[in-house]
1. How far, in nm, would the chain grow between Arg40 and Glu161 when pulled straight, counting 0.36 nm per residue and subtracting the alpha carbon separation?
2. Roughly speaking, to the nearest percent, how much of the chain's 1.4 Å accessible area is carbon and sulfur?
3. Hey, rough spin-label estimate for Leu152 and Gln26, points 7 angstrom out along Cα→Cβ, what's it come to in nanometres?
4. Just the number, please: percent antiparallel of the DSSP beta bridges in the chain, rounded to the nearest 5.
5. Past 20 Å, Cα to Cα: identify those pairs from Lys130/Lys199; Lys68/Lys130; Lys68/Lys185; Lys156/Lys199, in the order given.
6. Only one of the values [x] 0.95; [y] 1.15; [z] 1.49 was calculated from this structure for Cα Rg over 2.2 N^0.38 Å; name its label.
7. Residue farthest toward the positive end of the dipole of the range 90-171, with Cβ of Lys/Arg at +1 and Asp/Glu at -1: which of Ala104, Asn163, Gln123?
8. On average, how much accessible surface per residue is there in the chain, in Å², for a 1.4 Å probe, leaving out ligands, DNA and RNA?
Amino acid sequence: MAENNLLSEQWQQHLNGSSLLESATQVLSGSDYVAQWGNRHAERAEALLASGDINTLYDAEGYQRRLKVSLEGVADETALQQKLRHFRQREMVRIIWRDLAGWADLAETVRDLSAMADACLEQSLAILHKWQCEISGIPCNADGEEQYLVVLGMGKLGAGELNLSSDIDLIFTYPEGGETQGGRKSLSNEEFFTRLGRKLIQSLDNVTVDGFVFRVDMRLRPFGDSGALAASFDAMEDYYQ
């Protein structure tokens, strides 16, 4: 752990010759998270510094592109959860560094945190949907059209204003009822998307040896904890009316 005005030996080695050396003392003395992460994960810290991403203002697709590269080749839920947690740690260090160095204002910080959450949700959902279809078949409506889970970000995520300690409030919905086609045993769309929703929550919320990505709060869904985890558009409309 870095002490007040001194760089740890590990961080000193990472930063030798780096343009970030000037800002490092302020950042590492201001954030135990950044200091400890760099000390524990030398190779990942060096890769982050070498990438130039700390100095970079991401564009609208910055998180999506970087996470897509990180998730290439994941073959199971264990690997997915590890990759998501490593990605989150890397990007949290970048966000905190830019904030404490004075390179990012509050608007950039909350925008980046929200964009990171969006990327984790979108890409993990796409992967988990594909895997779930391979097991249970493709969820379809009465006309045979494929159905997809829609994830609604509520609260601070919905407003694009996540902070460093925010949970993410979500609601799961899907267009129409029906059942899966092509699987070993057909499931109703509600059951399919309930299972998928649970796996999505686990991918982000489970505490593993690598920590977690985001705490997920589902209590804003219709009827709160007693309601269905995933509801059709019609059921959502009836509830809100």
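1. Working: separation 121, 0.36 × 121 = 43.56 nm, distance 2.96 nm.
40.6 nm is the gain from fully extending Arg40 to Glu161.
2. Here carbon and sulfur together make up 48 percent of the probe-accessible area.
3. Between Leu152 and Gln26, the label points sit 4.2 nm apart.
4. The answer is about 70 percent antiparallel.
5. On the way: Lys130/Lys199 12 Å; Lys68/Lys130 15 Å; Lys68/Lys185 32 Å; Lys156/Lys199 22 Å.
Result: Lys68/Lys185; Lys156/Lys199 exceed 20 Å.
6. [y]
7. Ala104
8. On the way: 12310 Å² over 241 residues.
Result: 51 Å² per residue.
The values are calculated or read from the model by the stated rules, or taken from the named source; none is laboratory data. Worth saying up front: this structure is predicted, and the values here are computed from it rather than measured. Positions of Cβ are backbone-derived with ideal geometry, glycine not excepted, and every protein chain shown enters the neighbour counts. The area values use the complete protein model at the heavy-atom level, side chains included, leaving out ligands, DNA and RNA. Shrake-Rupley method; radii C 1.70, N 1.55, O 1.52, S 1.80 Å.
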